[in-house]
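Shown next, in structure tokens, is the structure this report addresses.
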Amino acid sequence: MKQFQGLYEFVSVAEKLSFKLAAEALGVSPAQVSRQISTLEQRLGVKLLYRSTRQVALTESGGIYYDYCSKIIEQIDEAESAISQLQQNPMGLLRVTAPHAYGEQVVSPLLNQFVMQYPELKLWLQLSNQVIDLVQEGIDLGIRIGNLTDSSMIARRLTERSLHLVATPDYLAKFTKPNSIRELVNHSCLARFNQAWSLKIDGKEQSYKPKGKLSSDSAQALLNACLEGLGIAQLPNYYLDSYLASGELIPLLEAHQPDPEGIWAIYPHNRQLSPKVKCAVDFLQERIQGTIDK
């Protein structure tokens with residue numbers, strides 16, 4: 001831009017009152033500094049500097065012009081510094097989307113810890129079971145479960161999700177532990193609205209339509225009902241791990257458990273991986289893997 005041509009040279013000479021020292025600071029020749037300032041003076045139609053063999057001084061116009069230009073250059077330097085820091089440390093707004101249940105149970109608590117580590121970082125978290133177009137919606141990072149079909153995304157595997165049939169010891173003491181899928185008809189099955197369970201039958205994953213006294217669109221509600229002894233539920237491992245470890249819930253029909261699904265962190269392929277996204281993915285992977293190892 002013509003408006004900036006000679007600006008840095010002029011400000012440097014005005015501050016050092018020397019073409020030689022200004023040239024050394026800018027890493028160019030004194031002749032180039034002189035040419036740039038002459039071009040600037042011609043464009044403005046005013047004399048900015050008094051030149052002599054012994055000294056350099058600002059004219060009245062030069063003094064006024066310097067006051068404005070020095071502030072402009074300071075703001076440009078601050079802007080470049082801010083961008084440079086942005087490329088080194090997580091800062092700004094991190095926009096994340098995740099499936100509703102997994103987001104509530106796992107992603108949200110971990111991202112809360114993450115943003116606490118970086119005071120200049122803000123979090124925007126959308127929990128939705130709809131597949132969100134990251135590029136169109138301007139989202140930095142998405143968490144997905146299952147098979148990935150969008151080749152325009154870079155994906156990193158965080159962990160996996162497994163589905164388990166479970167019930168309480170008290171429930172099983174009253175109604176007998178089922179030993180086959182066929183025996184599930186004798187039990188109260190807790191399921192989502194109009195959704196089938198996924199079970200492995202004859203080596204293939206198939207849908208099983210459960211029937212019971214309670215249904216809900218909330219996995220947490222189904223877990224609560226199961227813990228109260230109202231029936232058998234099929235839920236993801238991240239809802240169940242602590243209850244299975246404590247014995248509060250008992251796994252059922254494990255031979256018919258469907259294969260685990262991958263849980264992925266994805267981000268647009270055509271974007272430079274910013275520090276906030278890279279650090280967030282590293283943090284999630286480290287903490288989730290650490291939880292699994294324990």
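The values are calculated or read from the model by the stated rules, or taken from the named source; none is laboratory data. None of the values given here were measured: they were computed from a predicted structure. Glycine gets a Cβ as well: all are built from the backbone with ideal geometry, and neighbour counts include every protein chain shown. The accessibility values were calculated without ligands, DNA or RNA, using every heavy atom of the protein model including side chains. Shrake-Rupley method; radii C 1.70, N 1.55, O 1.52, S 1.80 Å.
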Next item on the list: With only alpha-carbon atoms counted, please give the Rg and Dmax of the chain, in Å.
Entry: 32.4, 106
Margin query: Debye calculation, C-alpha points only, no solvent: report log10 I(q)/I(0) for the stretch 194-276 at q = 0.12, 0.14, 0.19 Å⁻¹, in the same order as the q values.
Written below: -0.50, -0.63, -0.94
Note to self: How large is log10 of I(q)/I(0) for the stretch 1-60 at q = 0.20, 0.29, 0.31 Å⁻¹ when the intensity is taken from the Debye formula with one equal scatterer per alpha-carbon?
What the structure shows: -0.68, -1.36, -1.48
Note to self: Tell me the net charge near SER29. Cut-off is 14 Å between Cβ atoms, SER29 excluded, with +1 for each Lys or Arg and -1 for each Asp or Glu.
What the structure shows: 0
Notebook entry, point to check: In bins 5 Å wide, starting from 0, what share of all Cα pairs of the stretch 146-294 does each bin hold, as a percent?
Noted result: 2, 9, 16, 18, 17, 12, 10, 8, 5, 2, 1, 0
Check: Per the Cauchy relation, a quarter of the hull surface: what is the mean projected area of the convex hull of the alpha carbons in the stretch 222-263, in nm²?
Finding: 3.4 nm²
Item checked: Dipole of the chain [Lys/Arg +1, Asp/Glu -1 at C-beta], most positive-end residue of PRO236, SER34, VAL185 -> SER34
Check: Which residue, GLN105, GLN136, GLN126, tops the fluctuation ranking in a GNM of the chain built on C-alpha contacts under 10 Å?
Finding: GLN136
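For the chain, with every protein chain kept in place, what is the accessible area per residue (1.4 Å probe, Å²)? Before the final figure, lay out each step's value.
Values: 17230 Å² over 294 residues.
Heavy-atom SASA per residue in the chain reads 59 Å².
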Margin query: With an 8 Å Cα cut-off and a minimum separation of 6 or more residues, compute the relative contact order for the chain in percent.
Written below: 20 percent
Next item on the list: Compare PRO99, PRO169, PRO90 in a GNM of the chain, Cα atoms joined below 10 Å, and give the one with the largest fluctuation.
Entry: PRO169
Check: Just the Cα atoms of the stretch 161-217: what Rg and Dmax do they give in Å?
Finding: 11.8, 31
Note to self: With +1 on the Cβ of every Lys and Arg and -1 on the Cβ of every Asp and Glu, and nothing else charged, how large is the dipole of the stretch 155-214 about its Cα centre, in debye rounded to the nearest 20?
What the structure shows: 180 debye
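Only Lys, Arg, Asp and Glu count, each charged at its Cβ (+1, +1, -1, -1), so figure out the dipole size of the chain about its Cα centre, rounded to 20 debye.
420 debye
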Check: Where q = 0.21 Å⁻¹, what log10 of I(q)/I(0) comes from the Debye formula for the stretch 1-153, counting one point per Cα?
Finding: -1.28
Check: Cα centroids of the stretch 87-165 and the stretch 187-234: how far apart, whole angstrom?
Finding: 27 Å
Check: In degrees, nearest 10, range 0 to 90: what is the angle between the Cα axis of helix 7-16 and the longest Cα principal axis of the chain?
Finding: 60 degrees
Checklist line | Dipole axis of the stretch 71-217 (+1 Lys, Arg; -1 Asp, Glu on Cβ), positive-most option in LEU165, LEU148, VAL115 | finding: LEU165
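About the Cα centre of the stretch 13-163, how large is the charge dipole given +1 on each Lys and Arg Cβ and -1 on each Asp and Glu Cβ? Please answer in debye to the nearest 20.
Details: 14 positive and 16 negative charges, 97 e Å.
Using Cβ point charges on Lys, Arg, Asp and Glu, the stretch 13-163 gives about 460 debye.
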Note to self: So if I restrict to the alpha-carbon atoms in the stretch 127-185, what is the Rg, and what is Dmax, the biggest pairwise distance, in Å?
What the structure shows: 19.4, 53
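Over 27 Å between C-alpha atoms is what I'm after, so list which of LYS16/LYS47; LYS20/LYS71; LYS16/LYS71; LYS20/LYS47; LYS177/LYS200; LYS71/LYS122 land there.
LYS71/LYS122
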Next item on the list: Report, to the nearest whole %, how much of the accessible area of the chain belongs to carbon and sulfur atoms, 1.4 Å probe, protein only.
Entry: 48 percent
